[in-house]
1. State all residues of region 42-69 that are touching a Phe, Trp or Tyr at 6+ places or on another chain (Cβ under 8 Å) and among the polar types (S, T, N, Q); if no residue qualifies, say none.
2. Kindly indicate which of Arg85, Arg4 is surrounded by 12 or more Cβ atoms within 10 Å (Cβ to Cβ), modelled with pLDDT under 70, out of contact with any Pro (no Cβ under 9 Å at 6 or more places or on another chain) and not β-branched (Val, Ile, Thr).
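The values are calculated or read from the model by the stated rules, or taken from the named source; none is laboratory data. Just so it is clear, the structure is predicted and the values come from calculations on it, not from any experiment. Glycine also receives a Cβ, built like all others from the backbone with ideal geometry; neighbour counts cover every protein chain displayed.
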Amino acid sequence: MTCRLQQLHVHNLASLPGQTLLSPETLYPTLVTVAFVVAWLIRPGRVTAGLLFGWALLHLVGAVLTVLPLPFLPSRQSSRSGTTRIMSSTRSPSFR
């Protein structure tokens, strides 16, 4: 969870100029993630696991939609290369 939140913060700081860690674009998803994880730790079960799964699925769909060159979405290809470089530096190494 910590690595995911770190990636969210770095991504928002890099791609949204003038943002801080307390900006709504960063703060609200962080609060929702922390609330879902705390709820799952306090009372593990199907409901809290479903909330976490749904939240992760929402992030996955959003990530896929942002990289697809769909004609109805605005595309700024030049700005993505810098964000990708920054994001790749925060990823944990893959093990074989």
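1. Matches in region 42-69: Thr48 only.
2. Result: Arg4 is the single residue among Arg85, Arg4 that is surrounded by 12 or more Cβ atoms within 10 Å (Cβ to Cβ), modelled with pLDDT under 70, out of contact with any Pro (no Cβ under 9 Å at 6 or more places or on another chain) and not β-branched (Val, Ile, Thr).
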